[in-house]
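The values are calculated or read from the model by the stated rules, or taken from the named source; none is laboratory data. The shown structure was predicted, so the numbers you read here are calculated from the model rather than taken from an experiment. Positions of Cβ are backbone-derived with ideal geometry, glycine not excepted, and every protein chain shown enters the neighbour counts. For accessibility, only protein heavy atoms count, side chains too; no ligands or nucleic acids. Shrake-Rupley method; radii C 1.70, N 1.55, O 1.52, S 1.80 Å.
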Amino acid sequence: MFRRILPLVAGLLWAGSALAADVSLLNVSYDPTRELYADFNKAFIAAYSKETGKSVEIKQSHGGSGSQARSVIDGLQADVVTLALAYDIDAIAGKGLVAPDWQKRLPLNASPYTSTIVFLVRKGNPKAIKDWDDLIKPGVSVITPNPKTSGGARWNYLAAWGYAEKKFGSSDKAKKFVGDLFKNVPVLDTGARGSTVTFVERGVGDVLLAWENEAFLAQREFGKDKFEIVSPPLSILAEPPVSVVDKVADKKGTRAAAEAYLKYWYTKEGQEIAARNSYRPRDSEIAKEYEKSFAKVELFTIDDVFGGWAKAQKEHFAEGGIFDQIYKN
Amino acid sequence: MSTQSSVVTSATELRAYAPTADLTVSPPPSRIERARPRTGTSPDNLRTEPGPVRFIIITLAVTFLSVFVVLPLVVVFASAFSKGIGTYLAALGEPEALSAIKLTLLVAAISVTLNLVFGVIAAWAIAKFDFTGKTFLITLIDLPFSVSPVISGLVFVLLFGAQGFFGTWLQAHDIHILFAVPGIALATIFVTFPFVARSLIPLMQEQGTQEEEAAISLGASGLQTFFRVTLPNIKWGLLYGVLLCNARAMGEFGAVSVVSGHIRGETNTMPLLVEILYNEYQFVASFAIASLLAMLALITLVVKTVLERRLDEGQEPRDH
């Protein structure tokens with residue numbers, strides 16, 4: 001019977017293949033943006049066909065920011081990359097796939113939406129976690145992904161470092177603080193979503209260091225009666241950047257659509273979609289409208305505290321860098 | 001014991017009558033070893049343990065199996081149907097799910113076909129001929145069993161990636177292997193490579209070359225010999241290998257994950273989609289796909305049992 005059904009099923013599947021669109025874009029993105037881009041793509045496809053009369057199809061690929069960049073370098077045909085941090089796009093630019101000045105081509109460091117790092121704790125906040133200090137207390141178990149593979153984890157790490165350096169005034173003390181923090185981390189997942197699943201579903205840990213949008217999403221999925229979001233008074237301004245992959249877009253002849261796609265982020269509609277998905281919008285009007293959705297947090301940038309991504313990457317996350325020294329002990 | 005010595009006699013006879021060459025390959029001794037447990041000792045003689053010990057051992061085995069095999073299977077199906085059959089079917093009808101099922105079937109079809117051809121050729125060469133480097137060839141065939149699937153995937157990245165060995169040439173000719181169907185098929189072929197050959201080699205070695213030699217001496221051509229003599233002899237073993245090859249091809253995760261690029265609706269196979277959906281909190285959809293893979297496993301098991309019975313039956317008369 002199975003043999004008789006199989007060709008039938010196979011036939012149906014082939015017949016059901018999607019009809020080809022005028023333009024097809026591949027957006028290679030990082031882990032927690034799945035829901036954001038599902039929303040954004042729908043809106044863009046409608047807007048684009050209204051404006052140009054062309055149908056566009058957008059394919060998504062998600063994974064840890066670092067490994068996604070690696071795949072693009074290895075030949076994944078991404079028309080646009082929307083990754084967790086500028087360093088990962090720099091790495092792609094380093095192989096000549098993206099123009100070196102990519103971050104100047106779009107407004108606001110080519111980061112149309114921002115986020116920050118917050119704490120997700122269990123209902124009632126049983127360990128009374130309010131600020132970064134509380135994370136290094138003995139007996140507090142902290143969940144964060146691995147900074148070597150995850151963009152979100154690098155933001156987590158740098159946020160903790162920035163806090164400590166501001167509070168204690170020296171990088172030696174910051175190193176000690178971050179070292180103590182990682183002593184409280186029982187498991188390092190490779191990506192942000194993996195860590196969320198570890199915390200939320202497997203019930204491991206007292207606090208999850210998470211993207212603000214990721215924390216809100218977990219709360220939406222599992223209910224406010226299970227998890228609470230704690231925003232520390234001071235955290236980092238995370239700027240996830242976007243760029244056209246010049247070499248691929250030019251070869252495929254998709255540059256116009258790819259550029260329109262990224263520019264759509266800077267429209268009111270785009271900004272609204274970001275805000276709706278708990279990413280902090282750049283547009284001041286939309287930001288005001290969604291003011292109540294986001295806690296007031298004093299935010300420092302990576303340029304302020306670390307002198308940019310290239311420097312931070314080299315000092316902290318490169319082979320034998322500060323993270324390696326901390327994690328070995 | 002009498003049966004055993006008769007086998008020895010027949011084996012010696014075979015030795016005497018068989019034409020020349022292949023006598024160094026050793027079907028007769030292996031036949032004796034096979035015959036011993038089957039005919040020499042009856043199963044009753046093996047029951048030396050006292051009742052309670054037997055009971056404890058059986059209970060342990062059954063408990064272990066229920067906890068580690070049956071329970072997870074039940075959980076998969078329970079989660080898949082937790083929101084009713086409607087949601088289950090809707091999850092399988094999603095474009096992404098359909099595309100994953102389609103890709104998995106396509107990749108399995110490609111890799112099983114190629115490995116079938118390759119497996120028969122390799123088993124033929126190893127079982128029926130003697131040549132230098134034969135042991136080395138057998139080791140090579142086994143290699144995918146001993147290499148971690150992630151490494152198998154990375155090998156193809158190193159070969160066909162844009163920065164890889166053939167990368168520049170492939171890019172210049174606009175040929176996409178990695179992060180596309182060819183790459184996924186290649187990685188799958190690599191990891192499922194040993195199944196057909198491995199299930200045929202012992203069978204063909206045991207059968208020896210006498211029947212083929214007889215056919216050829218009676219005037220059959222090479223192809224005729226293969227289709228009329230060899231193939232009927234190995235058909236159950238061949239199906240057995242194909243079955244295992246197919247099960248692994250559809251279920252492979254590690255190697256495929258490395259070369260897939262995870263393009264939604266395009267390069268995600270079913271096992272990859274299960275993980276993705278799970279990570280997106282779509283548990284019902286995730287377990288719905290997982291249930292298809294579990295069903296594949298169950299069907300494989302049933303067919304495997306049937307084939308194993310056929311294989312045994314097919315060999316029984318040959319032993320005497």
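Within the set A:ALA86, A:ALA91, the sole residue that is within 14 Å of chain B (Cβ to nearest Cβ) and within 21 Å of A:GLY152 (Cβ to Cβ) turns out to be A:ALA91.
Yes or no, residue by residue, for (1) charged (D, E, K, R); (2) surrounded by 23 or more Cβ atoms within 10 Å (Cβ to Cβ); (3) at negative phi; (4) touching a Gly at 6+ places or on another chain (Cβ under 8 Å):
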position: A:ALA47; (1), (2), (3), (4): no, no, yes, no
position: A:LYS59; (1), (2), (3), (4): yes, no, yes, yes
position: A:ALA69; (1), (2), (3), (4): no, yes, yes, no
position: A:ASN109; (1), (2), (3), (4): no, no, no, no
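Pairs meeting the criteria (first residue in the range B:173-197 and within 14 Å of another protein chain (Cβ to nearest Cβ) and under 20 Å from A:ASP74 (Cβ atoms), second residue hydroxyl-bearing (Ser, Thr, Tyr) and outside any helix (DSSP H, G or I), beta carbons under 7 Å, at least 6 apart or on different chains) are B:PHE179/B:THR267; B:ALA180/B:THR267; B:ILE184/B:THR267; B:ILE184/B:THR269. Checking each residue in the range B:252-310 for being assigned to a loop (DSSP other than H, G, I, E, B), within 30 Å of B:ILE151 (Cβ to Cβ) and either of a type in the set (Gly, Ala, Ser) or within 10 Å of chain A (Cβ to nearest Cβ) (or both) picks out B:GLY261, B:HIS262, B:ARG264, B:GLY265, B:GLU266, B:THR267, B:ASN268, B:GLU280.
A residue that is open to solvent by less than 10 Å² (accessible area, probe 1.4 Å), at pLDDT 95 or above and over 23 Å from A:ASP189 (Cβ atoms) cannot be found anywhere in the range A:28-39. Being under 29 Å from A:LYS59 (Cα atoms), more than 14 Å from every other protein chain (Cβ to nearest Cβ), surrounded by 17 or more Cβ atoms within 10 Å (Cβ to Cβ) and not β-branched (Val, Ile, Thr) is a condition met by no residue of the range B:93-106. Taking the criterion of being open to solvent by 50 Å² or more (accessible area, probe 1.4 Å) and under 21 Å from the mean Cα position of the chain (by Cα), the only residue of the range A:124-148 that qualifies is A:LYS148.
Scanning the range A:116-158 for residues that are β-branched (Val, Ile, Thr) and outside any helix (DSSP H, G or I) returns A:THR116, A:ILE117, A:VAL118, A:VAL121, A:ILE129, A:VAL140, A:VAL142, A:ILE143, A:THR144, A:THR149. Please state which of the following conditions A:GLY63 fails to meet, knowing it meets all the rest: (1) more than 12 Å from chain B (Cβ to nearest Cβ); (2) surrounded by 21 or more Cβ atoms within 10 Å (Cβ to Cβ). Of (1) more than 12 Å from chain B (Cβ to nearest Cβ); (2) surrounded by 21 or more Cβ atoms within 10 Å (Cβ to Cβ), only one is false for A:GLY63: (1).
Being within 14 Å of another protein chain (Cβ to nearest Cβ), crowded, with 17+ Cβ neighbours inside 10 Å, touching a strand residue (DSSP E or B) at 6+ places or on another chain (Cβ under 9 Å) and assigned to a loop (DSSP other than H, G, I, E, B) is a property that A:ALA78 has.
The residue that is farthest from the chain's Cα centre (by Cα), counting only those in the range A:266-307 that are within 18 Å of A:TRP211 (Cα to Cα) and among the β-branched types (Val, Ile, Thr), is A:VAL297. One residue is enough: does the range B:265-281 have a residue meeting the conditions among the charged types (D, E, K, R), modelled with pLDDT under 90 and either over 30 Å from A:GLY223 (Cα atoms) or surrounded by fewer than 22 Cβ atoms within 10 Å (Cβ to Cβ) (or both)? Scanning the range B:265-281, I find at least one residue that is among the charged types (D, E, K, R), modelled with pLDDT under 90 and either over 30 Å from A:GLY223 (Cα atoms) or surrounded by fewer than 22 Cβ atoms within 10 Å (Cβ to Cβ) (or both), so the answer is yes.
Here B:ILE141 fulfils each of the conditions (1) touching a Lys or Arg at 6+ places or on another chain (Cβ under 9 Å); (2) open to solvent by 60 Å² or more (accessible area, probe 1.4 Å) apart from (2).
Within the range A:319-327, does at least one residue satisfy the condition of being open to solvent by 90 Å² or more (accessible area, probe 1.4 Å), of a type in the set (Phe, Trp, Tyr), modelled with pLDDT under 95 and assigned to a helix (DSSP H, G or I)? Checked against the condition, which is being open to solvent by 90 Å² or more (accessible area, probe 1.4 Å), of a type in the set (Phe, Trp, Tyr), modelled with pLDDT under 95 and assigned to a helix (DSSP H, G or I), the range A:319-327 yields at least one hit. Taken together, B:THR139, B:THR132, B:THR87 contain a single residue that is more than 14 Å from chain A (Cβ to nearest Cβ) and not in a helix (DSSP H, G or I), which is B:THR132.
So how many residues does the range A:18-74 have that are touching a Phe, Trp or Tyr at 6+ places or on another chain (Cβ under 8 Å) and in a strand (DSSP E or B)? Final tally of qualifying residues: 8.
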